[in-house]
Amino acid sequence: METLQGILSAHPFFNDLPAPHLETVTGCVSNVRFKAGDVIFREGEEADHFYLIREGKVALRIHSERRGPLTILTLGAGDILGWSWLFPPYRWKFSARAIEDTRAFAADGKCLREKAERDHDLGYELLMRFAHVVEERLEATRLQLLNVYQDQ
Amino acid sequence: METATLEKVLEENALFKGLKEQHLRTLVESATIVRFEPGDVIFEEGEPAHRCYVIRSGKVALQLESYRVEPFTLMTLEEGDIIGWSWLFPPYRRKFTARALGVIRAISLDGRQVCERCEQDHDLGYELMKRFAQIIENRVEALSVHLVAVEK
């Protein structure tokens with residue numbers, strides 16, 4: 001049977017993560033499932049997890065006073081969901097809702113944050129990876145914004 | 001400006017608060033004093049990114065531009081703010097244009113040197129990545145809010 005650590009190590013996000021760190025991360029991970037329509041997290045709530053989507057689709061939404069929830073991005077298999085557990089005030093900036101039945105690994109971000117604070121080698125590896133995820137999100141949002149402007 | 005003064009300026013910046021003295025000294029080794037005149041382009045979207053800037057005085061417009069689109073200002077940054085982080089990730093190109101709205105006094109840090117130091121010293125790497133990831137996250141949030149405001 002494939003081990004959890006084996007599955008995680010095959011994911012690009014954990015590429016080249018030294019084995020002891022991968023072991024630490026694996027210890028903070030569990031399997032989760034969401035049904036289509038389930039809210040995974042809500043804007044403003046305490047952010048204590050991140051998710052590695054294995055199957056399904058998740059809409060990342062932001063609340064607009066004028067028009068209610070707006071989807072800014074759809075994530076699917078292989079994508080990383082959630083980074084607000086990394087920074088104060090540790091609250092979600094967006095909401096996430098499963099738009100298909102979704103399987104994911106959920107990692108306890110609070111537990112990892114505390115471990116990273118004690119072990120800066122682990123912390124550096126994780127932050128480099130998450131900063132990159134945030135940067136990819138920035139690029140996606142930037143292109144989306146440029147598209148909207150070009151269509152107007 | 002004397003090294004001691006540079007160190008003091010960095011130390012007093014909110015971003016670098018809490019850094020150990022040895023880490024501050026490492027950053028000072030990569031730091032130079034720069035000045036921009038009103039209207040100067042500090043860096044331009046798409047060009048190679050090598051440096052970041054700690055603003056000491058003056059206001060800087062962070063703008064987005066692309067063909068067919070009039071440049072628009074995503075946010076205005078000022079004393080104490082940091083601009084420029086694209087030197088952290090491939091393809092090491094600017095995502096925004098930074099334009100001086102007045103006389104700008106700033107400290108410029110050499111991104112490549114900072115990256116090398118972070119690789120060598122994960123204590124420094126952890127502390128800096130935590131801070132820079134938050135800057136990128138702040139830009140994602142600004143882009144998202146903007147997107148929600150303009151999307152039909």
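All of the numbers you see were taken from the coordinates with simple rules; none came from a lab. Just so we're clear, the structure is a prediction, and the values are computed from it rather than from any experiment. When we count neighbours, we look across all protein chains shown, and the Cβ atoms used for this are built from the backbone with ideal geometry, even at glycine.
Which value, to two decimals, describes the C-alpha radius of gyration of the protein assembly as shown once divided by 2.2 N^0.38 Å? Intermediate values should be presented prior to the final figure.
Working: Rg = 20.1 Å, N = 304, 2.2 N^0.38 = 19.3 Å.
That ratio works out to 1.04.
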Query - In Hz, Karplus ³J(HN,Hα) per residue of the range A:2-8 (6.51, -1.76, 1.60; θ = phi - 60°; x = Gly, Pro) - result: 6, 7, 4, 4, x, 5, 5
Report task. Would you mind pulling out the separation of the Cα centroids of the range B:88-152 and the range A:90-148, in Å? Result -> 16
Query raised in the report: Can you give the mean number of other chain Cβ atoms that lie within 10 Å of the Cβ atoms in peptide A:119-131?
Result: 6
Requested in this report: Please state, rounded to one decimal and in Å, the Kirkwood hydrodynamic radius that the range B:1-74 gives when every pair of distinct Cα atoms enters the mean of 1/r.
Outcome: 14.6
Query raised in the report: For the modelled label position 7 Å from the Cα of A:Ala36 along Cα-to-Cβ, which residues of the range A:43-61 have backbone nitrogen atoms closer than 11 Å?
Result: A:57
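Let me know the mean shielding of B:117-125 by other chains, meaning the per-residue number of their Cβ atoms within 10 Å of its Cβ.
Numbers: counts 0, 3, 2, 0, 2, 9, 4, 2, 7.
The shielding value for this peptide is 3.
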Query raised in the report: When the convex hull of the C-alpha atoms of the range A:62-134 is computed, what volume per residue in Å³ does it have?
Result: 105
Query raised in the report: Which whole-Hz ³J(HN,Hα) couplings does the range A:81-92 yield from phi under the Karplus relation 6.51 cos²θ - 1.76 cosθ + 1.60, θ = phi - 60°, glycine and proline marked x?
Result: 10, x, 9, 5, 5, 7, 10, x, x, 6, 10, 5
Query raised in the report: So which residue, out of A:Tyr51, A:Tyr90, A:Tyr124, gets the largest mean-square fluctuation from a GNM of chain A using Cα contacts under 10 Å as springs?
Result: A:Tyr124
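Loop only per DSSP, at most 10 neighbouring Cβ atoms within 10 Å: give me the GluC sites (Glu not before Pro) in the range A:104-152, ordered by residue number. Don't skip to the answer; put the middle values down first.
On the way: sites: A:Glu114, A:Glu117, A:Glu125, A:Glu135, A:Glu136, A:Glu139; in loops: none.
Answer by residue number: there is no such site.
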Query raised in the report: Using only the Cα atoms of the range A:4-151, what do you get for the radius of gyration and for Dmax, in Å?
Result: 15.6, 49
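Ranking B:His122, A:His49 by Cβ neighbours within 10 Å, fewest first, what do you get? Please report the intermediate quantities before stating the final value.
On the way: B:His122 19, A:His49 24.
Least to most surrounded, the residues fall as B:His122, A:His49.
Order these by the 10 Å Cβ neighbour count, fewest first: B:Glu116, A:Glu43.
With the fewest neighbours first, B:Glu116, A:Glu43 line up as B:Glu116, A:Glu43.
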Report task. Give the long-range amide H neighbours of A:Ile40: residues separated by 5 or more places, or on another chain, with amide H under 5 Å away, using H modelled in the peptide plane at 1.01 Å from N. Result -> A:Ala96, A:Arg97, A:Ala98
Query raised in the report: Simple spin-label model, 7 Å along Cα-to-Cβ: A:Phe13 to A:Glu100 in nm?
Result: 1.8
**Report entry** Rotationally averaged projected area of chain B (alpha carbon convex hull; nm²)
**Finding:** 9.3
Requested in this report: Calculate the spin-label point distance for B:Ser57 paired with A:Lys110, positioning each point 7 Å from the Cα along the beta-carbon direction, and give it in nanometres.
Outcome: 4.6
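If you count, for every residue in A:139-146, the Cβ atoms of partner chains within 10 Å of its Cβ, what is the mean? Working shown, then result.
Details: counts 4, 2, 8, 11, 2, 4, 12, 6.
Going residue by residue through A:139-146 and averaging, the value is 6.
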Requested in this report: Taking the Cβ of each residue in A:Thr26, B:Thr32 as the centre, tally the other Cβ atoms inside 10 Å and list the residues starting with the fewest.
Outcome: B:Thr32, A:Thr26
